[in-house]
1. Of everything in segment 1-37 that's charged (D, E, K, R) and in contact with a strand residue (DSSP E or B) (Cβ under 7 Å, 6 or more places away or on another chain), which residue is nearest to MET76 (Cα to Cα)?
2. Being in contact (Cβ under 8 Å) with a residue 60 or more places away in the chain and among the acidic types (Asp, Glu): is that true of GLU7 here?
3. Give the residue that is nearest to VAL117 (Cα to Cα), with candidates limited to residues of segment 37-89 that are acidic (Asp, Glu) and open to solvent by 30 Å² or more (accessible area, probe 1.4 Å).
4. Does TRP134 satisfy being under 30 Å from ASP90 (Cα atoms), open to solvent by 70 Å² or more (accessible area, probe 1.4 Å) and over 21 Å from the mean Cα position of the chain (by Cα)?
5. Sort out which residues of segment 155-167 are open to solvent by 30 Å² or more (accessible area, probe 1.4 Å) and closer than 18 Å to ARG64 by Cα, and write them in order of number.
6. Considering only segment 76-105, state which residues are more than 17 Å from ALA59 (Cα to Cα) and not in a loop (DSSP other than H, G, I, E, B).
Amino acid sequence: MSHRDREPVIHETAYVASAAMIVGDVRIGPGVRVLHGAVLTAEDGEVTVDENTVVMEHALIRGRSGHPARIGASVMIGPHTHVNGSIIEDEAFIATGASLFPGSRIGAGAEVRINGVVQVNTSVEPGAVVPIGWVAVGTPASILPPGRHEEIWAIQRDLDFVGTVYGVGPETSMRDLMRQQSDHYGTHAEDRAIDS
């Protein structure tokens, strides 16, 4: 789909399943495989996927203004994974159900295991592991089990989640925030299918 007058560019050796959705300023490199139900959407920031990366079923990769999604070479993006404005370096493994938030960076060869979370503006060091269901927060990342919420929050509250994800201050009401989000995503009404 064309979005905001930008069209995807897909290398001739890449495979995109017929049930996947590629929207806007998305660049897919050689040997990339995008499987059924995956969505790669450049909202107002680009998405790039380098060679021989596999994006499994129902994964979401979203590029945002100020936080493009950049996926390196030979990366595994597991099913039902959410990559939102994150940079993932080469040979990383992002398992099923992982959530990576805007401004996050995953170092080369790092692993974010099943249902792991990498918070906004957090850097996971090369080769590091975020265990199943654990949370990485801060730079360099503290990697903590979810039961240690107070410690996670003590780091996370200074990472500016609302400003990073939505571009607004903490005083913004939910009504105003959602009006802004409605307008932002409403631009998809102008999308158009591209003949293949």
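The values are calculated or read from the model by the stated rules, or taken from the named source; none is laboratory data. Quick caveat: nothing in here was measured; it's all calculated off a predicted structure. All Cβ positions, glycine included, derive from the backbone under ideal geometry; neighbour counts span all protein chains shown. Heavy atoms of the whole protein, side chains included, go into the accessibility calculation; ligands, DNA and RNA do not. Shrake-Rupley method; radii C 1.70, N 1.55, O 1.52, S 1.80 Å.
1. In the first step, residues of segment 1-37 are kept if they are charged (D, E, K, R); the result is 4-7, 12, 25, 27, 33.
Narrowing the set further to residues that are in contact with a strand residue (DSSP E or B) (Cβ under 7 Å, 6 or more places away or on another chain) leaves 6, 25, 27, 33.
Numbers: ARG6: 26, ASP25: 21, ARG27: 17, ARG33: 10 Å.
Residue satisfying both the conditions and the ranking: ARG33.
2. Details: in contact (Cβ under 8 Å) with a residue 60 or more places away in the chain: yes; among the acidic types (Asp, Glu): yes.
Criteria met by GLU7.
3. We begin by selecting, within segment 37-89, every residue acidic (Asp, Glu); these are 43-44, 46, 50-51, 57, 89.
After this cut, where a residue has to be open to solvent by 30 Å² or more (accessible area, probe 1.4 Å) as well, the list is 44, 46, 50-51, 57, 89.
Details: ASP44: 23, GLU46: 22, ASP50: 23, GLU51: 25, GLU57: 19, GLU89: 17 Å.
That would be GLU89.
4. On the way: under 30 Å from ASP90 (Cα atoms): yes; open to solvent by 70 Å² or more (accessible area, probe 1.4 Å): yes; over 21 Å from the mean Cα position of the chain (by Cα): no.
Here the answer is no, as TRP134 does not meet what is asked.
5. Within segment 155-167, ASP160, PHE161, VAL162, TYR166, GLY167 meet the criteria.
6. The answer is ARG105, and nothing else.
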